[in-house]
Amino acid sequence: MNTHFKTTRRDVLKGGGALVVSFSFGAQAGDALAQTAAAAKPLALTEVDSYLAIDAKGMCTVYSGKVDLGTGTDTALRQMAAEELDLPLNRIKLVTGDTLLTPDQGTTWGSLTIQSGGVQIRQASAAAKAALLEEAAKRLNVKKEELSVAGGVVSGGGKRIAYAQLIGGKSFSIKLDPKQPVPTKDPKTFKLVGTSVPRVDIPGKATGTFTYMQDFRVPGMLHGRVVRPPAMQAKLESVDEASIKGIRSAKVIRQGNFLAVVAANEWAAIKGARQLKATWSKWEGLPEQSKLYEHVRATKVAKDEVTSTVGNAAEALGQGAKKLAATYDFAIHTHGSIGPSCAVAEFKDGKLTSWSASQATHTLRKQLAQMFAMPVDDVRCLYLEGAGCYGRNGHEDAAADAALLAKATGKPVRVQWSRADEHGWDPKGPPTLIDLRAAMDGSGTVTAWESEFFIPQSAGGFLVPLVAATLAEMPYEKHIAPGNIIRNSDIPYKFANVKTVCHRLESTPFTPSWIRTPGRMQNTYANECFMDELAAAASADPIEFRLKYLDPADTRGIEILNRLVALAKWDKRPSPKGGQSGDVVKGRGVSYVKYELVRTYVGVVAEVEVNRATGIIKVPKFYITHDCGQIINPDGLKNQLEGNIIQTVSRTLLEELKFNRSAVTSLDWASYPILTFPDVPDIAMDLIDRPTMPPWGAGEPAAAVVPSAISNAVFDATGVRLRSIPYTPEKVKAALRGAA
């Protein structure tokens with residue numbers, strides 16, 4: 001799509017200095033009216049006006065710092081606001097991820113869009129409605145308690161007045177106090193929340209009219225392609241600019257080790273980047289892939305974090321009648337976004353505007369300001385939906401590429417990454433290595449649990465260094481930011497003696513960032529597989545064994561597992577199943593998580609088929625019970641859970657970053673395969689809705705239990721325990737041979 005969307009805004013309304021800002025994602029930084037109007041809009045998290053405004057026609061615009069990464073939250077946030085305001089859904093407009101207009105509600109991560117961002121919008125909406133009712137009571141001369149609202153119209157005493165008449169175009173000027181939340185609607189009166197409202201984005205996506213980041217254009221823009229070094233830290237020694245002189249409009253941009261070609265059209269930029277001759281130094285600083293986990297174990301420990309300690313685990317381990325130990329590892333993953341990253345940037349009048357699919361526009365704004373040594377207030381970042389990211393992939397780096405080229409050329413520049421850019425240069429989910437030990441007494445009761453997690457440190461917060469700033473030797477903070485990956489290293493089970501320790505490593509082979517369910521997936525994988533090993537050693541049914549050690553007061557966790565038994569028609573018995581002949585054997589495995597031990601409960605059962613001749617594992621069926629408290633949109637929740645399971649089956653069975661001593665080598669889908677449609681499992685769900693409870697997140701928790709459920713099912717089918725993800729046919733056959 002080559003359409004440029006012009007911005008339309010209302011003038012600052014004179015009545016009481018009030019303001020309503022209308023907005024289009026194609027807003028240009030040079031729009032003086034836009035800048036003036038937005039400057040009057042508050043962004044503080046304690047102001048109702050930061051989150052919403054109602055115009056003279058009764059339309060409500062909601063402003064969210066959280067963005068929709070393709071997961072349907074744009075619909076759910078509208079539902080939450082419309083419910084509290086008693087407005088129809090079609091009277092709610094949503095602006096997301098624009099640093100000029102939306103409050104900084106934090107990065108869109110951690111399954112916190114609804115749990116945190118949505119609750120903030122709900123509070124603002126409830127406060128706004130309370131103020132509107134007070135004003136209506138005065139104007140109608142009716143007691144507030146006698147008023148009712150429907151469709152944005154307040155009625156009482158035989159009289160009516162619309163929101164537009166009460167507030168239209170004016171500011172609320174109401175403070176929010178997080179310590180004294182405003183009362184919200186009784187869930188018994190909900191009309192929108194808890195219903196499967198059709199997603200607002202699907203019609204455009206289904207008909208090809210939706211504007212993805214990759215479709216976005218601005219007038220007069222150039223196209224840029226970065227020429228990547230052949231080795232991760234190679235130095236640029238020389239460039240032969242004459243090597244592309246035959247390509248019309250193509251121009252070489254070089255700054256330090258950053259090298260790119262810009263041109264009037266994308267194909268010319270691609271040809272120029274391919275044809276440009278340059279020489280680079282050699283670099284071979286990566287570990288040997290075959291010795292990755294030896295490298296991880298040998299890496300210097302920056303510090304140890306004890307995430308839980310109960311009793312004396314070391315002493316109890318020494319006294320156990322039966323002792324078990326296991327080591328699990330989890331491969332380096334790339335984000336593998338289906339659509340490679342893309343961004344557009346423009347410098348105008350000394351200000352920078354960046355359009356990208358960043359899940360953290362407010363953070364990106366700070367990084368770009370630092371990169372160009374300019375005031376943060378002179379940078380505006382706007383979100384347009386990309387092709388998904390589920391973590392910090394290459395979107396921010398594409399934005400930095402585009403900004404550098406826009407600065408160098410004085411024109412707007414669009415940078416579209418290639419598949420090789422995406423796989424080769426996005427930050428990675430780091431490798432994880434986990435040692436576990438446990439002891440049991442003569443009756444099969446667990447007396448001790450001890451675990452060690454080898455994971456990178458989180459040094460300096462969550463700012464992943466921008467590749468362009470690194471290559472161009474521009475200002476940046478040299479952070480290691482893998483995400484909050486210590487979570488769920490501690491366990492939900494009540495043993496007499498427990499110690500869980502995270503060894504925070506000083507470095508990791510590739511620049512790390514968070515990738516869907518960071519740490520929680522890897523840690524839960526090891527914990528739940530080892531829990532299954534203990535159940536097998538005790539000759540116990542895996543679900544009954546888990547129930548035995550859950551806190552009796554944690555009734556929601558117990559309910560999850562009991563309902564899972566019913567949903568999956570679970571046949572209570574120890575694993576492995578045994579007694580199967582032929583090449584293809586079947587099994588089922590269970591896994592459970594209380595996410596971060598404080599929210600969202602998930603239980604799953606995986607059914608697998610293992611071909612002992614080929615080593616191929618298929619996962620035809622998943623069962624899932626899920627409790628995330630109050631459900632906003634049941635169909636949207638189902639979308640989330642399906643995405644969690646499908647993507648994580650892919651990560652468990654297929655995905656592994658390949659590299660040599662210099663760079664990533666798995667630069668396409670052939671060398672980094674992902675799950676295909678014929679192998680998508682059938683998924684049965686039992687969603688537990690708790691309308692009176694807080695809404696919790698669902699974007700990540702279900703992914704945490706998928707790898708361990710598959711591993712436990714493979715053990716049930718074959719009697720062989722797989723401990724190294726991904727479960728490739730070669731690993732499966734090797735494990736079967738070792739057990740023979």
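Only one of (1) out of contact with any helix residue (DSSP H, G or I) (no Cβ under 6 Å at 6 or more places or on another chain); (2) in a loop (DSSP other than H, G, I, E, B); (3) crowded, with 24+ Cβ neighbours inside 10 Å fails for L405. Which number is that?
(2)
Return yes when D635 is assigned to a helix (DSSP H, G or I) and among the acidic types (D, E) and no when it is not. Steps first, please.
Numbers: assigned to a helix (DSSP H, G or I): yes; among the acidic types (D, E): yes.
Criteria met by D635.
For the range 709-727, name all the residues that are surrounded by fewer than 20 Cβ atoms within 10 Å (Cβ to Cβ) and either among the hydroxyl-bearing types (S, T, Y) or without any contact (Cβ under 8 Å) to a residue 60 or more places away in the chain (or both).
Selection gives V720, S724.
If T445 satisfies every condition in (1) farther than 30 Å from G318 by Cβ; (2) β-branched (V, I, T); (3) surrounded by fewer than 24 Cβ atoms within 10 Å (Cβ to Cβ) but one, which is the exception?
It fails just one condition, (1).
Any residue that is touching a residue at least 60 places away in the same chain (Cβ under 8 Å), in a helix (DSSP H, G or I), hydrophobic (A, V, I, L, M, F, W, C) and assigned by TED's automatic domain parsing to the domain that holds H626 - is there at least one of those in the range 690-698? Spell out the reasoning first.
If we filter the range 690-698 for residues that are touching a residue at least 60 places away in the same chain (Cβ under 8 Å), which is where we start, we get 690-698.
Still in the list and also in a helix (DSSP H, G or I): none.
Within the range 690-698 (the criterion being touching a residue at least 60 places away in the same chain (Cβ under 8 Å), in a helix (DSSP H, G or I), hydrophobic (A, V, I, L, M, F, W, C) and assigned by TED's automatic domain parsing to the domain that holds H626), the answer is no, since none of the residues qualifies.
Residue by residue through the range 112-131, note down the ones that are farther than 15 Å from L176 by Cα, out of contact with any strand residue (DSSP E or B) (no Cβ under 7 Å at 6 or more places or on another chain) and crowded, with 23+ Cβ neighbours inside 10 Å. Lay out the reasoning, then the answer.
First, the residues of the range 112-131 that are farther than 15 Å from L176 by Cα: 112-115.
Add one more test, that the residue is out of contact with any strand residue (DSSP E or B) (no Cβ under 7 Å at 6 or more places or on another chain), and what stays is 112-113.
If the condition is that a residue be farther than 15 Å from L176 by Cα, out of contact with any strand residue (DSSP E or B) (no Cβ under 7 Å at 6 or more places or on another chain) and crowded, with 23+ Cβ neighbours inside 10 Å, then T113 is the only one that fits.
Just to be sure before I move on: is A360 of a type in the set (A, V, I, L, M, F, W, C), on the phi > 0 side of the Ramachandran plot and in the same structural domain as F347 (by TED's automatic domain parsing) in the structure I sent?
Values: of a type in the set (A, V, I, L, M, F, W, C): yes; on the phi > 0 side of the Ramachandran plot: no; in the same structural domain as F347 (by TED's automatic domain parsing): yes.
Taking the combined requirement at face value, the residue does not satisfy it.
Please go through the range 642-656 and pick out each residue that is crowded, with 24+ Cβ neighbours inside 10 Å and over 17 Å from D329 (Cβ atoms).
Residues satisfying the conditions are N644, I645, V649.
Looking for something modelled with pLDDT of 95 or more, crowded, with 24+ Cβ neighbours inside 10 Å and of a type in the set (D, E, K, R) - is there at least one such residue anywhere in the range 522-543?
yes
Report whether or not V227 is buried (at least 17 other Cβ atoms within 10 Å of the Cβ) and outside the structural domain of A268 (by TED's automatic domain parsing). Lay out the reasoning, then the answer.
On the way: buried (at least 17 other Cβ atoms within 10 Å of the Cβ): yes; outside the structural domain of A268 (by TED's automatic domain parsing): no.
Here the answer is no, as V227 does not meet what is asked.
Collect the residues in the range 337-350 that are assigned to a loop (DSSP other than H, G, I, E, B) and either of a type in the set (V, I, T) or in contact with a His (Cβ under 7 Å, 6 or more places away or on another chain) (or both), keeping them in residue-number order. Can you show your working first?
Residues of the range 337-350 assigned to a loop (DSSP other than H, G, I, E, B): 337-341, 349-350.
Correct list: I338, S341.
So which residues in the range 595-626 are assigned to a strand (DSSP E or B) and either on the phi > 0 side of the Ramachandran plot or within 19 Å of the chain's Cα centre (by Cα) (or both)?
Within the range 595-626, Y595, R599, T600, Y601, V602, H626 qualify.
Please go through the range 412-442 and pick out each residue that is buried (at least 21 other Cβ atoms within 10 Å of the Cβ) and either among the hydrophobic types (A, V, I, L, M, F, W, C) or within 22 Å of P492 (Cβ to Cβ) (or both).
Within the range 412-442, V413, V415, W417, W425, T432, L433, I434, L436, A438, A439 meet the criteria.
Take the range 548-592 and flag every residue that is in contact with a Phe, Trp or Tyr (Cβ under 9 Å, 6 or more places away or on another chain), part of a strand (DSSP E or B) and of a type in the set (K, R).
Residue satisfying the conditions is R588 alone.
Scan the range 374-392 and tell me whether some residue there is without any contact (Cβ under 8 Å) to a residue 60 or more places away in the chain and under 21 Å from the mean Cα position of the chain (by Cα).
We begin by selecting, within the range 374-392, every residue without any contact (Cβ under 8 Å) to a residue 60 or more places away in the chain; these are 374-378.
Narrowing further to those that are under 21 Å from the mean Cα position of the chain (by Cα): none.
For the range 374-392, residues without any contact (Cβ under 8 Å) to a residue 60 or more places away in the chain and under 21 Å from the mean Cα position of the chain (by Cα): absent.
Considering only residues that are within 14 Å of L567 (Cα to Cα) and buried (at least 17 other Cβ atoms within 10 Å of the Cβ), which ones fall in the range 678-697? Don't jump to the end; show me each part of the working.
As a first pass, look at the range 678-697 and keep what is within 14 Å of L567 (Cα to Cα): 682-688.
Passing the criteria: I683, M685.
Could you list all residues from the range 619-655 that are among the small types (G, A, S) and over 20 Å from G589 (Cβ atoms)?
Step one: list which residues in the range 619-655 are among the small types (G, A, S), which gives 629, 636, 643, 650.
Of everything in the range 619-655, those that are among the small types (G, A, S) and over 20 Å from G589 (Cβ atoms) turn out to be G629, G636, G643.
Quick grid of which residues meet (1) touching an Asp or Glu at 6+ places or on another chain (Cβ under 7 Å); (2) of a type in the set (A, V, I, L, M, F, W, C):
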position	(1), (2)
S125	yes, no
L132	no, yes
A136	no, yes
S148	no, no
K159	no, no
I167	no, yes
K175	yes, no
P181	no, no
T189	no, no
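Which residues, counting only those in the range 348-367, are surrounded by 22 or more Cβ atoms within 10 Å (Cβ to Cβ) and in contact (Cβ under 8 Å) with a residue 60 or more places away in the chain? Talk me through it step by step, then tell me what you get.
Step one: list which residues in the range 348-367 are surrounded by 22 or more Cβ atoms within 10 Å (Cβ to Cβ), which gives 352-361, 364-365, 367.
Listed by number, the residues that qualify are L352, T353, W355, S356, A357, S358, Q359, A360, T361, R365, Q367.
For the range 166-182, what are the residues that are surrounded by fewer than 19 Cβ atoms within 10 Å (Cβ to Cβ) and in contact with a strand residue (DSSP E or B) (Cβ under 7 Å, 6 or more places away or on another chain)?
Going residue by residue through the range 166-182, those that are surrounded by fewer than 19 Cβ atoms within 10 Å (Cβ to Cβ) are 173-175, 177-181.
Within the range 166-182, K175 is the sole residue that qualifies.
Checking Q370 against (1) touching a Pro at 6+ places or on another chain (Cβ under 8 Å); (2) over 18 Å from R217 (Cβ atoms); (3) surrounded by 24 or more Cβ atoms within 10 Å (Cβ to Cβ), only one condition comes out false. Which one?
For Q370, the exception is condition (3).
Need the failing condition index for R504 against (1) in contact with a Ser or Thr (Cβ under 6 Å, 6 or more places away or on another chain); (2) in a strand (DSSP E or B); (3) within 30 Å of L368 (Cβ to Cβ), just the number.
(1)
Inside the range 183-212, can you point out the residues that are surrounded by fewer than 12 Cβ atoms within 10 Å (Cβ to Cβ) and either within 13 Å of T75 (Cα to Cα) or not small (G, A, S) (or both)? Lay out the reasoning, then the answer.
Going through the range 183-212, the residues surrounded by fewer than 12 Cβ atoms within 10 Å (Cβ to Cβ) turn out to be 183, 186, 188-189, 203, 206-209.
Passing the criteria: P183, D186, K188, T189, P203, T207, T209.
The values are calculated or read from the model by the stated rules, or taken from the named source; none is laboratory data. Being a predicted model, the structure only gives us computed values, none of them experimental. When we count neighbours, we look across all protein chains shown, and the Cβ atoms used for this are built from the backbone with ideal geometry, even at glycine.
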